[in-house]
Amino acid sequence: MDYYDGLSEKEIHYIDEARIIGRTEGNSKRLSDLCHKAYADYATGAISEMAYNKIYAVCMICKPDTKAPHF
């Protein structure tokens, strides 16, 4: 099963963007803003709970100059 199975293009974009920002900037305002935007979309039903949980996890574990977890 692929990590992206069942996710919309918007949800995949959030995850990919969080990985890029997390790797280059770490815990930055830009990453925080992205996570808040993802939560707002989740709260209004624009993205799924499963997608939000994945986005949140990426936001919490990606750090500069490290490899993202294998997914």
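The values are calculated or read from the model by the stated rules, or taken from the named source; none is laboratory data. Quantities reported herein were computed from a predicted structural model and do not represent experimental measurements. We place every Cβ from the backbone using ideal geometry, glycine too, and count neighbours over all the protein chains shown.
Restricting to the stretch 1-21, give me the number of residues that are of a type in the set (Asp, Glu) and farther than 16 Å from residue 46 by Cβ. Final tally of qualifying residues: 3. For the stretch 24-52, taking the residues that are at pLDDT 90 or above and acidic (Asp, Glu), the one that is farthest from residue 4 (Cα to Cα) is identified as 33.
Could you tell me how many of the residues in the stretch 18-30 are more than 12 Å from residue 54 (Cα to Cα) and in a helix (DSSP H, G or I)? Adding up the residues that qualify gives 8. Which residues, taken from the stretch 1-17, are outside any helix (DSSP H, G or I) and either among the aromatic types (Phe, Trp, Tyr) or in contact with a helix residue (DSSP H, G or I) (Cβ under 9 Å, 6 or more places away or on another chain) (or both)? Once the filter is applied, which keeps residues that are outside any helix (DSSP H, G or I) and either among the aromatic types (Phe, Trp, Tyr) or in contact with a helix residue (DSSP H, G or I) (Cβ under 9 Å, 6 or more places away or on another chain) (or both), the stretch 1-17 yields 3, 4, 6, 7, 8.
Considering each residue of the stretch 53-62 in turn, at least one proves to be surrounded by 18 or more Cβ atoms within 10 Å (Cβ to Cβ) and either without any contact (Cβ under 8 Å) to a residue 24 or more places away in the chain or closer than 16 Å to residue 6 by Cβ (or both). Being surrounded by 13 or more Cβ atoms within 10 Å (Cβ to Cβ) and in a helix (DSSP H, G or I) is the filter here, so list the residues in the stretch 31-49 that pass it. Answer for the stretch 31-49, where residues must be surrounded by 13 or more Cβ atoms within 10 Å (Cβ to Cβ) and in a helix (DSSP H, G or I): 31, 34, 35, 37, 38, 39, 41, 42.
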